[in-house]
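The values are calculated or read from the model by the stated rules, or taken from the named source; none is laboratory data. In this text the structure is predicted, and so the values were computed from the model without any measurement. Using ideal geometry, Cβ is built from the backbone for each residue, glycine included, and neighbour counts are taken over all protein chains shown.
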Amino acid sequence: MPGAWFGPPRWFPGRRPLPSSPTPPTPRPCPRRCTRAAVRRPLGDCRWRGLGSFRVRRAVGQAGHEDGGGEMAGPDCLVTNDWICGEYLRSRSQELVDATAQHVQITAASVAIGLAVAFPLALLARGRPRFAAPVLGLTTVLYTIPSLAMFSLLLPLFGLSAALVVTGLVLYSLTILVRNTVAGLEAVPAETREAARGMGYGPARMLWEVELPLALPAVMAGLRIATVSTVALTTVGSIVGRGGLGNLIEDALPSFFKAQVLTASVLCVLLAVAADLLLLGVQRLLTPWTRIRTRQAGNREAR
């Protein structure tokens, strides 16, 4: 527009000239959620948490390298955003431990409560056949609800708390635990029940000393499946900040922080494998007669 004045030119006589080298961009301040375990650097940015722009992290690292001073002078896998980074494991060890501990706590609480709820439902379905179809059908319907929709339905009741995530995971575990418990109890031979009654066993004593030990392999198999699936579904709780290792994955995805995404994912897989092996060992200790049957079957095949 003619006659308009848009300010002084970039340089004119008497004005201090602009610096020849561009100034590195100033990184954003750390959000509140990352200040708990953040490792502060000289520039006070969040690049070590996987937050903020990757271009900002790279620009800051290049500036430190050009200046020739400080801890950024050498090549750093965090600055280059590598998938495997030992510096991330060293600087974020406490954060990884805290996230893993939260993941284990949520998983253990969900599976324990789910087993406590599933066992009475299985007894009801086995003892009252007319309730079997409604109980099994309801647990199956709950399992078909998507996780985000489940948490949204429970949000008005529990708010943004760990109880929201635990309740959703308990409802998901019921379909596996109830069905396996019912199948294990129904697989007890009728001759075994008749022999227990002939020896004077009442209903409660026969359940705890005869039926439940024989149904234990099926119950433990369902418990292992429910535990592994709960470990995976716990990561979805990151949408309310209660996802354990899922929180680290969600924080790293916007900036595509490779080391954090890979480390949290690998820890989640290792956690599921460790839980399955632990429950398998418990099953072998509680059911020694199954090992005897396996050995006898192997000897017969060898002959």
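Contact list please: Cβ distance under 9 Å, first residue in the range 143-166 and modelled with pLDDT of 90 or more, second residue outside any helix (DSSP H, G or I) and among the small types (G, A, S), pairs at least six apart or on different chains.
What qualifies is V165/G243.
Filter the range 66-91 for residues that are under 20 Å from Q260 (Cα atoms), exposed (fewer than 15 other Cβ atoms within 10 Å of the Cβ) and of a type outside the set (S, T, N, Q); which is modelled with the lowest pLDDT?
Among them, the one singled out is P75.
Would you pick out the residues in the range 171-183 that are farther than 13 Å from R126 by Cβ and in contact (Cβ under 8 Å) with a residue 60 or more places away in the chain?
Y172, S173, L174, L177
Just to be sure before I move on: is R242 part of a helix (DSSP H, G or I) and among the basic types (K, R) in the structure I sent?
Criteria not met by R242.
Regarding A195, is this residue surrounded by 14 or more Cβ atoms within 10 Å (Cβ to Cβ) and not aromatic (F, W, Y)? Step through it out loud before you land on a result.
On the way: surrounded by 14 or more Cβ atoms within 10 Å (Cβ to Cβ): no; not aromatic (F, W, Y): yes.
No.
Give all pairs with beta carbons closer than 6 Å in which a residue from the range 184-211 that is charged (D, E, K, R) meets a residue that is at pLDDT 85 or above; count only pairs at least 6 apart in sequence or on separate chains.
Correct list of pairs: E211/L185; E211/V188.
Limited to the range 224-260, what total is found for residues that are of a type outside the set (S, T, Y), surrounded by fewer than 22 Cβ atoms within 10 Å (Cβ to Cβ) and at pLDDT 90 or above?
So the count comes out to 5.
Could you tell me how many of the residues in the range 147-171 are surrounded by 16 or more Cβ atoms within 10 Å (Cβ to Cβ) and among the hydroxyl-bearing types (S, T, Y)?
Let us first name the residues in the range 147-171 that are surrounded by 16 or more Cβ atoms within 10 Å (Cβ to Cβ), namely 147, 150-151, 154, 158, 162, 164-171.
Among the residues that remain, those that are also among the hydroxyl-bearing types (S, T, Y) are: 147, 167.
Residues flagged as surrounded by 16 or more Cβ atoms within 10 Å (Cβ to Cβ) and among the hydroxyl-bearing types (S, T, Y) within the range 147-171 amount to 2.
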